[in-house]
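Trainee: Below is one structure. I have some questions about it.
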Amino acid sequence: MWLANYMTSAIVEESTILITRDAENASIAIITLNRPDRLNALTPEMGPLYAATLQELDADPSVRAIVVTGAGRGFCSGADLSSLAGSTDDLLSYVRGQTVQTLPLVALTLTTPVATAINGPCAGIGFVLAMSADARFVASDAIRLPRH
């Protein structure tokens, strides 16, 4: 992982969203989307968790910048469609329950600068995550997923 030398080792392995602090500068918080087996595709639970994590870090006066990246070989391949494969009513109630405070767009409302470190495939809602950040940095070997 090209960002690994900046991370501390104090992370919880089972979490879908990891928070670490830069090993050399603790004022930089690093959020890692942690579903490498699914190229960090977002589940319905991850959207509000991501938004809450951003808001929590924004409220912390010791955090001067937030970097968002993906675990493994991808940044975020979009929404995990297998987790949305339930009934149409479940999908509609999930979509209707979203607000700017629960969607990944919450980055647009923060005072702390947010940068994305795009380390691999980035599509769909992953692209929205990247575009809602203040700055984007893309690894030279990151690829664009083909359109279907």
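The values are calculated or read from the model by the stated rules, or taken from the named source; none is laboratory data. All values derive from a computational prediction rather than experimental measurement. Ideal geometry is used to build each Cβ from the backbone, glycine not excepted, and the neighbour counts take in all protein chains shown.
Conditions tested, residue by residue: (1) modelled with pLDDT under 95; (2) farther than 18 Å from ASN119 by Cβ.
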{"site": "ILE11", "(1), (2)": "yes, no"}
{"site": "GLU14", "(1), (2)": "yes, yes"}
{"site": "ALA41", "(1), (2)": "yes, no"}
{"site": "PRO48", "(1), (2)": "yes, yes"}
{"site": "ASP60", "(1), (2)": "no, yes"}
{"site": "ALA65", "(1), (2)": "no, no"}
{"site": "ARG73", "(1), (2)": "yes, no"}
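Trainee: A further question on this structure: Which ones in region 64-74 are out of contact with any Pro (no Cβ under 9 Å at 6 or more places or on another chain) and either more than 25 Å from PRO36 (Cβ to Cβ) or of a type in the set (S, T, N, Q) (or both)?
Mentor: Within region 64-74, just THR69 meets the criteria.
Trainee: Select from region 22-58 the residues that are within 24 Å of LEU81 (Cα to Cα) and among the small types (Gly, Ala, Ser) and list them in ascending order.
Mentor: Listed by number, the residues that qualify are ALA41, GLY47, ALA51, ALA52.
Trainee: Let me ask you something else. What are the residues in region 125-144 that are loosely packed, with under 14 Cβ neighbours inside 10 Å and either modelled with pLDDT of 90 or more or assigned to a helix (DSSP H, G or I) (or both), if any?
Mentor: Of everything in region 125-144, just one residue is loosely packed, with under 14 Cβ neighbours inside 10 Å and either modelled with pLDDT of 90 or more or assigned to a helix (DSSP H, G or I) (or both), namely ALA135.
Trainee: Please state which one of ALA4, ALA85, ALA26 is under 16 Å from ASN119 (Cβ atoms) and either crowded, with 18+ Cβ neighbours inside 10 Å or modelled with pLDDT under 95 (or both).
Mentor: ALA4
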